[in-house]
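Rule-based calculations on the coordinates, nothing more; no lab input. What you see is a predicted model, and the numbers here were worked out from it, not measured in a lab. Neighbour counts run over all protein chains shown; Cβ positions are idealised from the backbone, glycine included.
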Amino acid sequence: MGLARDERARLADLFTEVGPDAPTLCEGWRTKDLAAHLVIRERRPDTAVGIVVKPLAGYTERVLREYAAKPFPQLVELVRTGPPRLSPTSIGAVDELVNGAEFFVHHEDVRRGAPGWTPREPDPARDDTLWRVLSRMAKLSFRSSPVGIALHRPSGEEIAAKRGPDTVTVTGEPGELVMFAFGRDEAKLDFEGDQAAIARVQGLKRGI
């Protein structure tokens, strides 16, 4: 199916399973808020400007609250069916590029929102796709690091996310590294390097 379509379907199933008020890793958001965010992201492009233009953030928040108030099954169905036909992301290749990591991370935001979560079992196709995503976004995600960062997967491949002094090596499966690169601390990873440098990496504001 491709990462984006597969993760979208799995997330919609999980939304249905846990209901509208389950916790997520997105601060202040329950599952209904996260679902609303995904819907307006695809169906209300006019709200996107509020993410980067602070005076318009209130408008984006109002639209999100309007959608979050919809009946949850209706909201989940909008997530499941995806963007309108005329949206660029209705094209499979564009959807994969724009939404693959987005839906993986938000799926995990729900999975890991409650105690007792465990990483998913390795999946070669999914993990290789996530590794390619990571190779494209790593330098941007870790751009503010004052120390070097190398991302390492158990199979031996490595990405130089940031070149600099006191390099810290972060090792984990691609999905765990993607979660960390998107600013989530709930990830199973190993850190090697100077302890002060590791603390700096763990405390970074990470993400695009």
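Numbers for the structure displayed
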| item | result |
| --- | --- |
| FRET E, pair Leu86, Leu140, Förster distance 25 Å, beta-carbon r, rounded to 0.05 | 0.30 |
| Count of Lys pairs (Cα-Cα under 17 Å; at least 8 positions apart or interchain) in the chain | 4 |
| Highest-fluctuation residue, Lys32, Lys70, Lys162 considered, GNM on the chain with Cα pairs under 10 Å | Lys70 |
| Around Ile208: net Lys/Arg minus Asp/Glu count, Cβ-Cβ under 12 Å | +4 |
| When the range 124-202 is reduced to its Cα atoms, the Kirkwood hydrodynamic radius in Å | 12.3 Å |
| Highest-MSF residue in the chain out of Arg132, Arg85, Arg143 [GNM, Cα springs under 10 Å] | Arg85 |
| Summed residue charge, Cβ within 14 Å of Trp131's Cβ, Lys/Arg positive, Asp/Glu negative | -3 |
| Cα long-axis angle, helix 72-81 against the chain (0 to 90 degrees, to the nearest 10) | 70 degrees |
| Degrees separating the helix 3-18 axis from the principal Cα axis of the chain, which is the longest one | 70 degrees |
| FRET efficiency, Ala196 to Glu158 (Cβ-Cβ, R0 30 Å, nearest 0.05) | 0.85 |
| Overall form of the range 1-99 per C-alpha gyration tensor (a/c, 1.5; a/b vs b/c) | oblate |
| Positive minus negative residues near Arg5 (Lys, Arg vs Asp, Glu; Cβ under 14 Å) | -3 |
| Label-point separation, Glu66 to Arg5 (7 Å along Cα→Cβ), nm | 3.2 nm |
| In degrees, nearest ten, helix 57-68 long axis to first principal axis of the chain (Cα) | 60 degrees |
| Gaussian network model of the chain, Cα within-10 Å springs - most flexible of Ser141, Ser155, Ser87 | Ser155 |
